[in-house]
Amino acid sequence: MIDSLPGERRSTVRPALGASLVLAAVCAAPLAQAQATVSRIGFVYTERLMTDSRMAKAADAKLAAEFSKRQKAVEEMVGKYKQTSEKFDAEAAGLNELDRTRRARELYNMQKDVERMQREFQEDLQQRKNEERAAIAQKAYKLVEQVAEQEKLDAVLVEAAWVSPRVDITDKILKLLDK
């Protein structure tokens, strides 16, 4: 009887031990495979490309030249409106009701014209900035693809909570963008 007990234990323990080893091997295989294929990631600060590159600085200068006359005209109109408003405020008490109403309406219309002119100026300027940034972004995207291919990167991120300087490829892109 003593012989049969140990034999029985072995027969019940061996299959359980064998199944555990097989299960462990099956579970470990994907981990080993995942460790074998490490992904490489890069990161680009796109805002730096839009502000620090020569292309971006040239675009800013171009826009400043293109919109300087309109900006000056807007500033002159704002100045004229303020001057007219101050004059009205100073003279309003001495005006009869009809003149005060007429000048208040003129001042109101002038205010609306100033607001419209400022809004149109800002909208046009923003549209041109977007056009210039799109051209920079298009060229930068091609360069990011080129660098990613050269460095065998699997992904290039543009937004992250934190980035190690090791994966930052912004300076490489800036140098290529400035060529």
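The values are calculated or read from the model by the stated rules, or taken from the named source; none is laboratory data. Since the model is a prediction, treat every value here as computed from it, not as a measurement. So basically every Cβ, Gly included, is an ideal-geometry build from the backbone, and we count neighbours across all protein chains shown. Heads up: the accessible areas ignore ligands, DNA and RNA and are worked out on the full protein's heavy atoms, side chains in. Shrake-Rupley method; radii C 1.70, N 1.55, O 1.52, S 1.80 Å.
Give the long-range amide H neighbours of residue 156: residues separated by 5 or more places, or on another chain, with amide H under 5 Å away, using H modelled in the peptide plane at 1.01 Å from N.
Close amide H contacts, sequence-distant or interchain: 42.
Report the far tail of the P(r) of region 41-178, meaning the percent of Cα-Cα pairs longer than 21 Å.
Percentage above 21 Å: 61.
I need the trypsin sites (Lys or Arg not before Pro) found in region 68-163, filtered to DSSP loop residues with at most 13 other beta carbons within 10 Å of theirs.
Answer in residue order: 152.
Between residue 160 and residue 113, how many nm apart are label points set 7 Å from Cα along the C-beta direction?
5.5 nm
I want to check the label-to-label distance for residue 124 and residue 62. Put each point 7 Å from Cα in the C-beta direction and report it in nm to one decimal.
1.8 nm
Which semi-axis lengths, in whole Å and largest first, follow from the square roots of five times the eigenvalues of the Cα gyration tensor of region 103-179?
46, 14, 9
Assuming R0 = 41 Å, what is the FRET efficiency of residue 92 and residue 51, from their Cβ-Cβ distance, to the nearest 0.05? Show your work: numbers first, answer last.
Details: r = 47 Å, r/R0 = 1.16.
That pair, residue 92 with residue 51, gives E of 0.30.
Put +1 on the Cβ of every Lys and Arg and -1 on every Asp and Glu Cβ in region 41-178; which of 136, 160, 108 then has its Cα farthest towards the positive end of the dipole?
108
Here is the link list: 129/179; 142/175; 129/175; 139/172; 62/175; 142/172. Which ones come out longer than 18 Å on Cα distance?
129/179; 129/175; 62/175
Could you check how much of the accessible area of region 119-179 is carbon and sulfur, as a whole percent, using a 1.4 Å probe? Write down the numbers at each step before the final one.
Values: 2220 of 4400 Å².
Ligands and nucleic acids excluded, carbon and sulfur give 50 percent.
Residue 138 to residue 40: FRET efficiency via 1/(1 + (r/R0)^6), r the Cβ-Cβ distance, R0 35 Å, to the nearest 0.05?
Step by step, r from the Cβ atoms, then E = 0.90.
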